[in-house]
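This report concerns only the one structure given below.
The values are calculated or read from the model by the stated rules, or taken from the named source; none is laboratory data. Being a predicted model, the structure only gives us computed values, none of them experimental. As a convention, Cβ positions derive from the backbone with ideal geometry for all residues, glycine included, and neighbour counts pool all protein chains shown. Just so you know, the surface numbers come from the protein's heavy atoms only, side chains and all, with ligands and any DNA or RNA stripped out. Shrake-Rupley method; radii C 1.70, N 1.55, O 1.52, S 1.80 Å.
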Amino acid sequence: MNDILVKLTDILEARKSAGAEDSYVAALHQKGLNKILEKVGEESVETIIAAKDAKMSGNNQDLISETADLWFHTLVMLSHLGESADSVLAELNRRFNISGLEEKASRPKSK
């Protein structure tokens, strides 16, 4: 599965500098972080709605599709900020063998 993330990361990086008329990803990058965040937020809401619908219908296809959209736009966000899926995977790997409660307690308190 990591092969998919590697391929997608490479494509996202290549399209960062493509022309906006030729690439959706390039158009998002040119519109800036706020537009990318808007898309992440929109896809988050659509994923939540799809999960609720899936619970009622027993059909997860829309949930899978919306989750793919959310992950995609999140990867665009990371790319825009100079990060990639590797950074997230490294963080998830770091958390193995740490209780979720311990990990959360170790985070700095928000104001």
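Add -39500 (n - 2.57) for each DSSP H run of 4 or more in the chain, then divide by its residues: what number comes out at 222 nm, to the nearest 500 deg cm²/dmol? Numbers along the way, then the final one.
On the way: 6 runs with 85 residues, N = 111.
About -25000 deg cm²/dmol.
Averaged per residue, the chain has 73 square angstrom of accessible surface, using a 1.4 angstrom probe with ligands and nucleic acids left out.
Entry for the range 1-58 at q = 0.13, 0.22, 0.30 Å⁻¹: log10 I(q)/I(0) = -0.50, -0.90, -1.04, Debye formula applied to identical alpha-carbon scatterers, no solvent contribution. Applying the Karplus relation 6.51 cos²θ - 1.76 cosθ + 1.60 with θ = phi - 60° to the range 63-80 yields 3J(HN,Hα) values of 4, 4, 4, 5, 5, 4, 4, 5, 4, 4, 5, 5, 5, 4, 4, 4, 4, 4 Hz, where x marks Gly and Pro. Solvent-accessible area assigned to carbon and sulfur over the chain amounts to 57 percent, based on a 1.4 Å probe.
Across the range 40-46, computed HN-Hα scalar couplings (Karplus, 6.51 cos²θ - 1.76 cosθ + 1.60, θ = phi - 60°) run 4, x, 4, 5, 4, 5, 5 Hz from first to last residue, x flagging Gly and Pro. Shown for the chain: lysine pairs separated by 8 or more places, or found on different chains, whose C-alpha atoms are under 29 Å apart, numbering 18. Applying the Karplus relation 6.51 cos²θ - 1.76 cosθ + 1.60 with θ = phi - 60° to the range 49-57 yields 3J(HN,Hα) values of 4, 4, 5, 5, 5, 5, 4, 6, 8 Hz, where x marks Gly and Pro.
Selection among VAL40, SER87, GLN61 by position relative to the dipole of the range 26-111 gives SER87 as farthest towards the positive end (Cβ unit charges, Cα centre). Placing +1 on the Cβ of every Lys and Arg and -1 on the Cβ of every Asp and Glu, with no other charges, gives the chain a dipole of roughly 560 debye about its Cα centre. Springs join every pair of Cα atoms under 10 Å in this Gaussian network model of the chain, and among ASN34, ASN60, ASN93 the largest mean-square fluctuation is at ASN93.
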